[in-house]
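Worksheet: one structure, shown below.
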Amino acid sequence: MSDLELVLRAPRAVIGAGETGACIGVRNGRIATVAPLSARLDGARIVELAADEVLLPGLVDSHVHVNEPGRTEWEGFASATRAAAAGGVTTILDMPLNSIPPTVDVAALETKKKAADGKCHIDVGFWGGAVPGNLSDLHALHEAGVFGFKCFLLDSGVEEFPPLSAAELEEHLRELAGFDGLMIVHAEDPVVIEQAPEPHGGRYADFLRSRPRTAEDRAIATVVEATRRTGARTHVLHLSSSDGVPLLRDARGEGLPITVETCPHYLTFDAEDVVDGATAFKCCPPIREAANRELLWQALTEGVIDCVVSDHSPCTAELKRPDVGDFGLAWGGISSLQLGLTAVWTEARARGYALSDVVRWMCEQPARVAGLRTKGRLAVGADADFCVFAPDESFVVDPAQLQHRNPVTPYAGRRLDGVVRSTWLRGAAIDIDAEPRGRFLTRGGA
Ligand SMILES: [Zn+2]
């Protein structure tokens, strides 16, 4: 008689670098056994996956703006984690800004945890923030379990989260290097953006000109240089400019501890196709040209880009200014927590990639970058977090079907490949209408 509480029998499962048939045995919410399908493991509960389903690890989305407390009308922990669960995501890491207060000291972290308590359908961890004047708060936040620190090098869009100057960046990195902390950076250069034409009106081409590639490229150079001088670990958020790739490739070749992410929208859309006035597509850095997008795919293949995470950055529908369709006035940010897996899979399969590639970019690597040791893979000892995915089914995105608080999305009406049939957290299927079971995660914690 087996003491496994659950056995998943999957004719197809993404394990390690490939796909295979497998029996996954679960004990105490963790993966206890990974055996061949032919082993026919026994347990208290047996779940047989259908022939058209593939078992994936639950996705790890390390770039999510939940906004609660303070801007809960933009998004909150209940709605964000429902959206995540509906999209196969079992872990999110919440960004320190757009909530009020921003997570720049331990008191603010406690305020945020209190706001999130009892509302999370999936596991949630937190990033801290690095802002001018909070140097002395960083170590305490690190000890309190944040996964690292986010900073901006230019205006963040909200006044309570000011940017670091290049000198402050270096100062903060020296502090982080003292305890092996990780700095995650919104890399756009303030001077380049200041010198670019102001964004205004409904033409996407004008908006694109206001956020040129050189702004990203110069900021990445600043980060590389500061990493080299301080030895601190850094991570470039939401890479959009493919011109930044050679610099990052060289930095990594040199052995600098720099990692890189991009987002589903940069891999899906292109500037040539954005309709004027369609502010649902506004985000910073912006969606660029089709040729740029293909170079981002190449950088993923090459491994210069480590991971693909959503940068789920919602606001109210009104703040997207659909009344005027003005790219200068609209809030920048794309909500895709629920759609990331299917969006990336749609584009990946069209380019000949396998599901195991998507798992590497959206499960394994985000977990590795953030230091989430029990997440992002189907392996003994990992949490029994699963996404049951039907890769050959497709659907048309209907905003009304999204769990985000404000279902504004540039994916509306688009056909995406793959359907999430169920999402499992620590050995049990998530029911988004039931009592939430998510836990808070801390850096290095179990
Ligand atoms: Zn963001």
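The values are calculated or read from the model by the stated rules, or taken from the named source; none is laboratory data. Since the model is a prediction, treat every value here as computed from it, not as a measurement. All Cβ positions, glycine included, derive from the backbone under ideal geometry; neighbour counts span all protein chains shown. Note: areas computed on protein heavy atoms with side chains; ligands, DNA, RNA excluded. Shrake-Rupley method; radii C 1.70, N 1.55, O 1.52, S 1.80 Å.
Observations
- For the range 67-118 versus the range 413-427, the inter-centroid distance based on Cα atoms is 22 Å.
- Surface per residue (accessible, 1.4 Å probe) for the range 6-48, Å²: 45 Å²
- Computed with a 1.4 Å probe over protein heavy atoms only, the accessible surface of the range 112-173 comes to 34 Å² per residue.
- Folded to 0 to 90 degrees: helix 340-350 orientation relative to the chain principal axis, Cα: 90 degrees
- Each residue, Thr20 and Ala140, gets one label point 7 Å from its Cα in the Cβ direction; the gap between the two is 4.9 nm.
- On Cα atoms only, tilt of 166-177 relative to the major axis of the chain in degrees: 30 degrees
- Among beta bridges that DSSP assigns inside the chain, antiparallel share in %, nearest 5: 50 percent
- Exposed loop sites here mean GluC sites (Glu not before Pro) with a DSSP loop assignment and at most 13 other beta-carbon atoms within 10 Å; the chain contains its longest site-free run at 255-446.
- Zone residues, the range 327-355, relative to Asp273, backbone N less than 11 Å from point 7 Å out along Cα-to-Cβ: 347
- Accessible surface of the chain [probe 1.4 Å, protein heavy atoms]: carbon and sulfur percent: 50 percent
- By the helix-only formula, in which each DSSP H run with n ≥ 4 contributes -39500 (n - 2.57) and the sum is divided by residues, the chain has a 222 nm mean residue ellipticity of -7500 deg cm²/dmol.
- Cross-link check: pairs Lys113/Lys320; Lys114/Lys320; Lys282/Lys375; Lys113/Lys375 evaluated at a Cα-Cα cut-off of 23 Å; pairs beyond the cut-off: Lys113/Lys320; Lys114/Lys320; Lys282/Lys375.
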